[in-house]
Amino acid sequence: MAEDVFRLMLEEPINGEIHGGVGNLRGWAVASEGIDKVEIFIDGEYAFDAPYGGSRGDVGGAFPEVTNAAQSGFSSAYAYSLLSSGTHTIAALAHTTAGTTKESAATFEVVKFKQAFISDPDAVDLTGTSCSVRSDEISVGNAQVDGDTYDLILDWRTAEQGFEIVMIDQVESPPIDGGGDSSGGDKAEPDFSGVDKSFQAFIDGNGVFDGISYVLVDRQGVIHQQVFGDHTAETIVMLASTSKVPSVMTLLALQEDPNVDFSISEPVSTYLPYDGVYADRSVEQMISNTSGIPGLRLIALYGSPVGPTLDDYNHLCQFGSQPLFDFEACGQTLVENELPNSRPAGRRFDYGGSQWQIAGVTAAAAANSTWNQLVGRYLGEPCGLDVFTFGNPFQDVSAWTGDINSLAGTSNPSIEGGAITNMADYAKLLQVHLNGGFCGDTQILSDASIASMQQDRGSVVRENATPYGMGWWIRRENPGVFTDPGAFGAVSFIDVNRGIGGYMAIDDYSDRDAGAPPAFFIGEMIPAIQAAYDAAQ
């Protein structure tokens, strides 16, 4: 007997984002028993019932066994400007026909003009307004609105397919007396010395790690970096799963290339010269860990780690660095050979493993290139990366010496975990997510692709629903923050609300305490970095 389904997702307002004016309030709800109603609560108080029954083909595809899942949307126009400026919470409470309930909520910021609703059609005067444009952001200075002067910032919102005002600062009239000190006005530089001290204390208090380093960036460049122990700014480390975000960037850049026929939403059979049990899955499902192919939690079922034949290795071929392991041939093995506990696509979130390797093999086949050629073409060359590349260190991690020439398995690179980098290279990759997709003057990714990496796909499944985009873990406990931690201790993050990001490097591969650095960085250092940044604003 099929397990009963009851799922709810509030999609707008977006958790951790900024809203104002009149916008959308929307989401979806499905239940095996049927949905009776969806109530909306504003800051804990009941407000209204949301109209329910809108078309949602994506949800219908994810829950084909639920009647009317394709008509599970709820949506309403909502005047966010009626709320006060500052932090608010909107919650959707879904009721099934059997009387059970489930809640989904979002906490967000409201920006507004002095008046909640401006009715005069002639209230806006932009005659003396200045305007500047950078990437997906428009800055407007000295706009006259209903008799008051404002500085505004508008950002592109992919979900809304338009620009939304994300900052409203009322400009005070200058004093009549022109005397006094006219200096100042610039924001102070963030003081990250306290963060540095915490990193030093972590190294001093942990006997496993000899060095650690980190770098912070905003849309314009590096804003802080520091090294500790035996690390230098040139230290090259193996990333493990912190490779996933650059891998997704490569796949999306390939999709945007007008000279290549490739889409992450098509079945991989579209591009592969063979069929197989997993050929009906898409790259999009694979790099969001929702393809139904068992992930790393079931690696013990992948095959024999000692062979001796390629058939015996089975899905473990993706971790082989010896010459007998061929990238394309291994990809065919992964597509054709079904693993135990497989699920239909879109049913379960299952992190990592074969699905990522199939995604890379599919892209290489579509472009008639090797994986590292794609990485070089779409990331390395336009971003001026010095060392960033992919190998396959997992068969013998001890072979890595910290020198790029010691990287094994470059002919069978691990898509999900085989990259190496220095601080400067990864800093450039993070900037792409903060400046509208640019490396220098070259746009390597569109705004839509960057936003798609942050879109929650891991929660829209029946089993093991997990907030995950494509490459990014979504940190619901820290709104606006996305992370990509690796098993060797490295972590990258972006904070889309503050427009900053960072990367932490570790170069101990003994697995003695590999979970400690990511836990320290995500749980303690990111909040400390945010606090230091906020103090300077």
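The values are calculated or read from the model by the stated rules, or taken from the named source; none is laboratory data. Quick caveat: nothing in here was measured; it's all calculated off a predicted structure. Cβ coordinates were reconstructed from backbone atoms using ideal geometry, including for glycine residues, and neighbour counts include every protein chain displayed.
What the table below lists for this structure:
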read-out	value
Any chance Ser243 is in contact (Cβ under 8 Å) with a residue 40 or more places away in the chain and over 22 Å from Gln373 (Cα atoms)	no
Selected residue (only one of Ile293, Ile299 is closer than 30 Å to Arg7 by Cα, aliphatic (A, V, I, L, M) and touching a Lys or Arg at 6+ places or on another chain (Cβ under 8 Å))	Ile293
Qualifying residue in the stretch 86-97 (condition: part of a loop (DSSP other than H, G, I, E, B) and more than 18 Å from Pro13 (Cβ to Cβ))	yes
Subset tally (residues that are closer than 29 Å to Glu463 by Cα, touching a residue at least 40 places away in the same chain (Cβ under 8 Å) and surrounded by fewer than 15 Cβ atoms within 10 Å (Cβ to Cβ)) for the stretch 293-326	2
Single match in Asp456, Asp495 (criterion: more than 17 Å from Leu251 (Cα to Cα) and either β-branched (Val, Ile, Thr) or at pLDDT below 95 (or both))	Asp456
Residue among Gly502, Gly515 that alone is more than 15 Å from Ala240 (Cβ to Cβ) and in the same structural domain as Trp472 (by TED's automatic domain parsing)	Gly502
Test: Gln537 is more than 30 Å from Arg7 (Cβ to Cβ) and touching a residue at least 24 places away in the same chain (Cβ under 8 Å)	yes
Test: residue in the stretch 128-138 that is outside any strand (DSSP E or B), of a type in the set (A, V, I, L, M) and either more than 35 Å from the chain's Cα centre (by Cα) or modelled with pLDDT under 85 (or both)	no
Residues located in the stretch 19-63, provided they are within 14 Å of Thr101 (Cα to Cα), in a strand (DSSP E or B) and small (Gly, Ala, Ser)	Ala29, Ala31
Ser288 vs. criteria free of Cβ contacts under 8 Å to residues at least 40 places away in the same chain, part of a loop (DSSP other than H, G, I, E, B) and in the same structural domain as Arg462 (by TED's automatic domain parsing)	no
Number of the exception - Val66 against (1) surrounded by fewer than 18 Cβ atoms within 10 Å (Cβ to Cβ); (2) β-branched (Val, Ile, Thr); (3) not in a strand (DSSP E or B)	(1)
The listed residue being in the same structural domain as Asn435 (by TED's automatic domain parsing) and modelled with pLDDT of 75 or more, out of Ala188, Ala201	Ala201
